[in-house]
Amino acid sequence: QVQLVESGGGLVQAGDSLRLSCTASGRTFKTDAVAWFRQAPGKDREFVGGVSSWVGGVVRYSDSVMDRFTMSRDNTKNILYLQMNNLKPEDTAVYYCAADRVYQPVIRGSPAFWGQGTQVTVSS
């Protein structure tokens, strides 16, 4: 099992920045795929960005965040960061960290392991 804990959410104004953290523990492997998803009220869960492994691998972002959000990894501590710049009200959502042993379930939106989520609220 993999445990995922998100932190760093909060209430900000449009144009501000936030950095979310996802700390993985338990039975983790450097080859695990890790990703960020979000779910706004009344909407389906949406893929934000993901990495195919903790070291190197493929990095992918959704079109809606491509030029504003950046992921980075601390491989020694198993932390995946999501730097969010120029936040917009439409970025308001609960942000979830998720992981799987392979990348395809992550890309399909059905990874095996999920965190509890952290709320991000962007006011206009």
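The values are calculated or read from the model by the stated rules, or taken from the named source; none is laboratory data. Model, not experiment: these values are computed from the prediction. We place every Cβ from the backbone using ideal geometry, glycine too, and count neighbours over all the protein chains shown. Note: areas computed on protein heavy atoms with side chains; ligands, DNA, RNA excluded. Shrake-Rupley method; radii C 1.70, N 1.55, O 1.52, S 1.80 Å.
Taking other residues whose beta carbon is less than 15 angstrom from the beta carbon of Arg108, and scoring Lys, Arg as +1 and Asp, Glu as -1, yields 0. Placing a pseudo-label 7 Å from each Cα along the Cα-to-Cβ vector at Gln116 and Asp63 gives an inter-label distance of 3.6 nm.
The spacing between region 67-124 and region 1-42, judged by their C-alpha centroids, is 4 Å. Using the Cβ-Cβ distance between Val55 and Asn86 with R0 set to 25 Å, the FRET efficiency from 1/(1 + (r/R0)^6) comes to roughly 0.30. In the context of the full protein assembly, Glu46 retains an accessible surface of approximately 60 Å², using a probe radius of 1.4 Å and ignoring ligands and nucleic acids. When the convex hull of its Cα atoms is viewed from all sides, the chain shows a mean projected area of 6.7 nm². Note on region 70-124: Cα Rg divided by 2.2 N^0.38 Å, N the number of residues, gives 1.30. Once both labels are positioned 7 Å from their Cα atoms along Cα-to-Cβ, the gap between Val5 and Lys30 label points is 2.5 nm. Seen from Pro89, the other residues with C-beta closer than 14 Å to its C-beta sum to a net charge of +1, counting Lys and Arg as +1 and Asp and Glu as -1. Along the chain, the exposed loop sites are trypsin sites (Lys or Arg not before Pro) outside DSSP states H, G, I, E and B with at most 16 other Cβ atoms within 10 Å, and the longest stretch free of them is 1-26.
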